[in-house]
1. Considering only the stretch 64-74, state which residues are at pLDDT 95 or above and either in contact with a helix residue (DSSP H, G or I) (Cβ under 9 Å, 6 or more places away or on another chain) or closer than 14 Å to S186 by Cβ (or both).
2. Anything in the stretch 137-152 that is at pLDDT 80 or above and either among the charged types (D, E, K, R) or in contact with a Gly (Cβ under 8 Å, 6 or more places away or on another chain) (or both)? List them, or say none.
3. Kindly establish whether V121 is out of contact with any strand residue (DSSP E or B) (no Cβ under 6 Å at 6 or more places or on another chain) and free of Cβ contacts under 8 Å to residues at least 60 places away in the same chain.
4. I'm trying to understand the selection: among the residues of the stretch 153-167, which are of a type outside the set (S, T, N, Q) and either free of Cβ contacts under 8 Å to residues at least 60 places away in the same chain or crowded, with 22+ Cβ neighbours inside 10 Å (or both)?
5. Hey, can you tell me all the residues within the stretch 66-79 that are within 19 Å of Q40 (Cβ to Cβ) and either touching a Lys or Arg at 6+ places or on another chain (Cβ under 8 Å) or crowded, with 16+ Cβ neighbours inside 10 Å (or both)?
6. Check whether at least one residue in the stretch 19-31 is over 18 Å from S188 (Cα atoms) and either modelled with pLDDT under 90 or in contact with a Lys or Arg (Cβ under 8 Å, 6 or more places away or on another chain) (or both), and report yes or no.
7. Among what's in the stretch 118-146 and is under 16 Å from D104 (Cα atoms) and surrounded by 11 or more Cβ atoms within 10 Å (Cβ to Cβ), pick the residue that is farthest from the chain's Cα centre (by Cα).
8. Here are A112, A176: which of them is under 23 Å from G60 (Cβ atoms), crowded, with 18+ Cβ neighbours inside 10 Å and modelled with pLDDT under 90?
Amino acid sequence: MHKGIAMLALAAVSGFAQGTWNDLKFGTSVAEVRESLSKQGLTLKSTQRARLSEWQVTPGWDLEVPGIKVAFHFDPYLTFSESDKLERISLGLKADQHNAEGIDTYVLTDLAATKIHEQLVGRYGAPVSQTGICDRVSLSELVGGPGKLSCAVVWKAQAQTVKLDWTYFERSIKNAKLFFIITYTSSSGGGL
């Protein structure tokens, strides 16, 4: 009888540590995450933000998507709970780096919005909610369009919520901005 209770408790604890971005597991400590990332040549750097245990993964992360020659450059940030457990992963697209590489913001928006959305649907299935232009973005809407386009998509996956948010602002073709972020939040940790 006691052996059965111990097995159930062990299953509950191991079930909390669900895999997410880059094979990290929610519920693991900063030390465990640091060790996992070091095996991939990545390091953690504290962001020193007030009241948050937030860490930046360096030197960054590139997402290669089949069918396109461009790798998407991201700045990953990891947020830990007060009890030192991984709760949130945020991936911010480095639009400025892409611009420096010669990719115009409207082209980057078109590629990232469609290709990354496709990758997330392929991995997590149909979203539970979606608002905005999201998977229907086109160059004709971006160039000379309404000036601001946005998208918010949410997927519920095993023990996590995945959210894609992006906003494209255009004052002119040469003065456009893209804010693009993917967030993974532990459902067990009181996240989304």
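The values are calculated or read from the model by the stated rules, or taken from the named source; none is laboratory data. All of these numbers come straight from a predicted model, not from anything done at the bench. Glycine also receives a Cβ, built like all others from the backbone with ideal geometry; neighbour counts cover every protein chain displayed.
1. F72, H73
2. If the condition is that a residue be at pLDDT 80 or above and either among the charged types (D, E, K, R) or in contact with a Gly (Cβ under 8 Å, 6 or more places away or on another chain) (or both), then K148, L149, S150, C151, A152 are the ones that fit.
3. In short, yes.
4. V153, V154, W155, K156, A157, V162, K163, L164, D165, W166
5. Passing the criteria: F72, H73, F74, D75, P76, Y77, L78.
6. yes
7. That would be G144.
8. A176
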